[in-house]
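Report on one structure; see the data block that follows.
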Amino acid sequence: MNKPKYQIGDVVWCGEWKSYEKWEKCPNCGGTRTLRVTLFDDTEYIIPCESCKSGWEGPYGVVKHYAYHATAQELVVQGMELGCFSDEKDIWQYKLGLEGSCYRQVPEHELFLEEQAALNFAIAKGRQLEIDEAARVLMKEKPEKSWAWHVTYHRQEIKRAKHNLDYHERQLGIAKTKAKK
C-alpha cells in the first residue's frame, strides 16, 4: 500500500479553473440566425440556424461558451482516504477545507506544496477545457441530424403550414357567409 503524500493538518495548495460565460457570434450563421440552403434543383431555402438555437426558442445569432482563469487556494488537509477512482489505481483522496468550513475531496495529484505549482496545474487544466469548449461550439445541437435532414424537415413544415393556412382561410370564408347580420 502506498503512503499518503500529505498528512492531516498540512497546508496545501489546490489549483482551480474558474469558468465564466462568454458570448460570441455563431460560427455557422455568422450572427444572421439563418442559413441559406440550395437544393439540387437550385431551389434556395432560408432555414433557422440550429447551432445558436436554445431549446424551444428561436436562434439568437450568438453562442455561449465558457472561458476559464486559473486560481490557487490554500487549504488545510482535514482527512484522507484511499480509494479507487475512475480508471486509476488506488489513490489518496484528501478532505480539504478551512477551519470550521465545509470540505471537499481532491485527489492527491491535484494538490501541491507551492502556490505556483498549483497555478501551473490549473492553467494546464484550463487550456484543455478551452480546447474542449471550442470544439463544442462548432458542433450542431443535434449532431446525429445532418443539415440535409433539417432542410427536408423545414420543407415539410412549410408545406404543412401552407396547407393549414389554406384550410383555415376557407373555414373563415365559410364562417363569414354564415355570420348573422
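The values are calculated or read from the model by the stated rules, or taken from the named source; none is laboratory data. As the structure is a computational prediction, the values presented were derived from the model and not from experiment. With ideal geometry, Cβ positions are generated from the backbone for all residues, glycine too; neighbour counts draw on all protein chains shown.
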Practice item. Among the residues of the stretch 31-56, count how many are over 16 Å from residue 153 (Cβ atoms) and touching a Lys or Arg at 6+ places or on another chain (Cβ under 8 Å). Key: 3
Revision key, fill the gap. Residue set 77, 12; condition under 19 Å from residue 112 (Cβ atoms), at pLDDT 85 or above, crowded, with 17+ Cβ neighbours inside 10 Å and not small (Gly, Ala, Ser); output residue 12
Check your understanding: Name the residues in the stretch 35-74 that are more than 18 Å from the chain's Cα centre (by Cα), polar (S, T, N, Q), exposed (fewer than 13 other Cβ atoms within 10 Å of the Cβ) and assigned to a strand (DSSP E or B), would you?
Key -> 38
Point to revise | Filtered residues of the stretch 30-40 (kept if charged (D, E, K, R) and at pLDDT 90 or above) | key: 33
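Quick one: is residue 118 modelled with pLDDT of 85 or more, closer than 30 Å to residue 17 by Cβ, within 27 Å of the chain's Cα centre (by Cα) and surrounded by 11 or more Cβ atoms within 10 Å (Cβ to Cβ)?
On the way: modelled with pLDDT of 85 or more: yes; closer than 30 Å to residue 17 by Cβ: yes; within 27 Å of the chain's Cα centre (by Cα): yes; surrounded by 11 or more Cβ atoms within 10 Å (Cβ to Cβ): yes.
Spelling it out, residue 118 is indeed modelled with pLDDT of 85 or more, closer than 30 Å to residue 17 by Cβ, within 27 Å of the chain's Cα centre (by Cα) and surrounded by 11 or more Cβ atoms within 10 Å (Cβ to Cβ).
Hey, any hits in the stretch 9-22 for a residue that's under 30 Å from residue 110 (Cβ atoms) and outside any strand (DSSP E or B)? Walk me through how you get there before you give the answer.
At the first step, the residues of the stretch 9-22 found to be under 30 Å from residue 110 (Cβ atoms) are 9-22.
Next cut, outside any strand (DSSP E or B) only: 9-10.
Yes, the conditions are met somewhere in the stretch 9-22.
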Practice item. Determine whether the stretch 94-105 contains at least one residue that is at pLDDT below 85 and within 30 Å of residue 146 (Cα to Cα). Key: no
Practice item. Would you confirm whether any residue within the stretch 42-62 is farther than 30 Å from residue 134 by Cα, modelled with pLDDT of 85 or more and of a type outside the set (Asp, Glu)? Key: yes
